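Novice: Below are the structure tokens for one structure; questions will follow.
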Amino acid sequence: MDLNNYDDLLNKAYDKIPENVKQSSRFEIPKVEVRYEGKNTYITNFNKILNTLNRDKKHFIGIFLKTAGTMGEIRGNQLFLKSRYKSHVLDRLIREYAKEYVLCDICSKPDTNIVKEGKKEYLKCTACGARTEIKE
């Protein structure tokens, strides 16, 4: 087979791949959608964010509220925060949560589970098999 012909075929095949498939990451956390009521903030797309992170509500809320430094609760499909937050601050807090409790340290894929062994929690990656301890 002629190598130049092979390169041409490869380029043609690559050009036929849709743009959304060419993206390097399939894991994108939705941007926070907020609604304000007085001094309170509601994250209106909370369930969508939680489904993307693929984590337990209690685990996420416990850590998220602690890092945000506020009180809150789930009200319907929304997360209520007892303070006023800008959306970019909430986005940053969610990205930090994902980095610590969702994304694998080795391969950076979101295919992980939190496994408890004794008193320690580990992030177990189903993609590469890595297991890293979660530091509290």
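The values are calculated or read from the model by the stated rules, or taken from the named source; none is laboratory data. Note that the structure is a prediction, hence the values are computed from the model and not measured. When we count neighbours, we look across all protein chains shown, and the Cβ atoms used for this are built from the backbone with ideal geometry, even at glycine.
Novice: Considering only residues that are of a type outside the set (Gly, Ala, Ser) and part of a helix (DSSP H, G or I), which ones fall in the range 70-99?
Specialist: Taking the range 70-99 and keeping what is of a type outside the set (Gly, Ala, Ser), we get 70-71, 73-75, 77-82, 84-86, 88-97, 99.
Passing the criteria: 88, 89, 90, 91, 92, 93, 94, 95, 96, 97, 99.
Novice: Being of a type in the set (Gly, Ala, Ser) and within 22 Å of residue 133 (Cα to Cα), is that true of even one residue in the range 75-90?
Specialist: Within the range 75-90, none of the residues are of a type in the set (Gly, Ala, Ser) and within 22 Å of residue 133 (Cα to Cα).
Novice: Among the residues that make up the range 61-69, is at least one of them at negative phi and in a loop (DSSP other than H, G, I, E, B)? Can you show your working first?
Specialist: So in the range 61-69, the residues at negative phi come out as 61-68.
Going one step further and asking which of them are in a loop (DSSP other than H, G, I, E, B), we end up with none.
Looking for residues that are at negative phi and in a loop (DSSP other than H, G, I, E, B), one finds none in the range 61-69, hence no.
Novice: State all residues of the range 100-124 that are aromatic (Phe, Trp, Tyr) and either part of a helix (DSSP H, G or I) or not assigned by TED's automatic domain parsing to the domain that holds residue 135 (or both); if no residue qualifies, say none.
Specialist: Let us first name the residues in the range 100-124 that are aromatic (Phe, Trp, Tyr), namely 101, 122.
Selection gives 101 alone.
Novice: Just checking, how many residues over the range 36-53 are of a type outside the set (Val, Ile, Thr), outside any loop (DSSP other than H, G, I, E, B) and either within 10 Å of residue 87 (Cβ to Cβ) or in contact (Cβ under 8 Å) with a residue 24 or more places away in the chain (or both)? Don't jump to the end; show me each part of the working.
Specialist: First, the residues of the range 36-53 that are of a type outside the set (Val, Ile, Thr): 36-40, 42, 45-48, 50-51, 53.
Still in the running and outside any loop (DSSP other than H, G, I, E, B): 36-37, 40, 42, 46-48, 50-51, 53.
Now restrict to residues that are either within 10 Å of residue 87 (Cβ to Cβ) or in contact (Cβ under 8 Å) with a residue 24 or more places away in the chain (or both): 36, 40, 42, 46-47, 53.
Of the residues in that region, 6 qualify.
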